[in-house]
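Quick notes on the structure that follows.
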Amino acid sequence: MAESAPMYGTRVSPITTEKLNDELALREALECQIARIASGCIKPSHVPRLEELADQVDNLIVQGTDYSMKNMQIHQEFHLELARLTGSALLLRELERSWRRHFMFFSWVSAKVWPSPPRWHRLLLEAILTGKADIAERAMRKHVLFGSKHQVKVLEKIQVDGQETP
């Protein structure tokens with residue numbers, strides 16, 4: 001992530017525990033609201049595409065496939081497709097921004113060290129497809145927060161060991 005300061009210019013800012021926690025809180029808020037809204041507006045015609053994306057991500061996880069940028073984009077596309085279905089350009093734009101920052105904050109590390117449970121995205125989709133906003137939100141919160149404690153621990157260890165963070 002870059003930060004700018006008047007008369008100092010722009011630089012890549014270090015990742016701190018505080019920044020990571022802030023990003024996790026923002027992503028949780030965005031994704032949970034998207035799940036709430038999407039749960040009430042998904043049409044039967046949307047379901048095959050959502051199922052296809054959920055299954056693609058889950059298969060990548062089960063196969064232990066390298067979590068390359070291409071594979072991360074498939075994962076991101078599942079979440080962005082849900083955002084598109086809300087009809088909110090602002091939610092979609094902010095989620096895209098959050099995902100760009102999320103890529104920088106350990107997604108690829110987490111996927112290797114703490115793989116998601118089986119059918120992780122399909123189960124999330126099933127919760128959203130109930131049409132019940134509270135169920136959708138709870139499932140999304142669980143989904144977004146998965147691995148976050150581990151990410152904070154990794155960052156703290158890096159900082160304690162005196163290693164530079166990107």
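Would you pick out the residues in the range 75-91 that are farther than 10 Å from GLU31 by Cα and not charged (D, E, K, R)?
Filtering the range 75-91 for residues farther than 10 Å from GLU31 by Cα gives 75-78, 81, 84-90.
Within the range 75-91, HIS75, GLN76, PHE78, LEU85, THR86, GLY87, SER88, ALA89, LEU90 meet the criteria.
Taking the range 97-122, which residues are modelled with pLDDT of 85 or more and either within 17 Å of ILE61 (Cβ to Cβ) or surrounded by 15 or more Cβ atoms within 10 Å (Cβ to Cβ) (or both)? Of everything in the range 97-122, those that are modelled with pLDDT of 85 or more and either within 17 Å of ILE61 (Cβ to Cβ) or surrounded by 15 or more Cβ atoms within 10 Å (Cβ to Cβ) (or both) turn out to be SER98, TRP99, PRO118, ARG119, TRP120, HIS121, ARG122.
When LYS70 is tested against the conditions (1) within 21 Å of LEU129 (Cα to Cα); (2) surrounded by fewer than 17 Cβ atoms within 10 Å (Cβ to Cβ), the lone failure is (1). Taking the range 30-46 as the range and being assigned to a helix (DSSP H, G or I) and touching a Leu at 6+ places or on another chain (Cβ under 8 Å) as the test, the residues that pass are LEU30, GLU31, GLN33, ILE34, ALA35, ILE37, ALA38, SER39, HIS46. The lone criterion from (1) assigned to a loop (DSSP other than H, G, I, E, B); (2) modelled with pLDDT of 85 or more left unmet by VAL144 is number (1).
Sub-8 Å Cβ pairs linking a first residue in the range 133-151 that is free of Cβ contacts under 8 Å to residues at least 60 places away in the same chain to a second residue that is surrounded by 15 or more Cβ atoms within 10 Å (Cβ to Cβ) and of a type in the set (A, V, I, L, M), at least 6 apart or interchain, are ARG138/ALA127, ordered by first then second residue.
The values are calculated or read from the model by the stated rules, or taken from the named source; none is laboratory data. On a predicted model such as this, the values are computed, not experimentally measured, just so you know. FYI the Cβ positions are ideal-geometry reconstructions off the backbone, even for glycines, and counts take in every protein chain you see.
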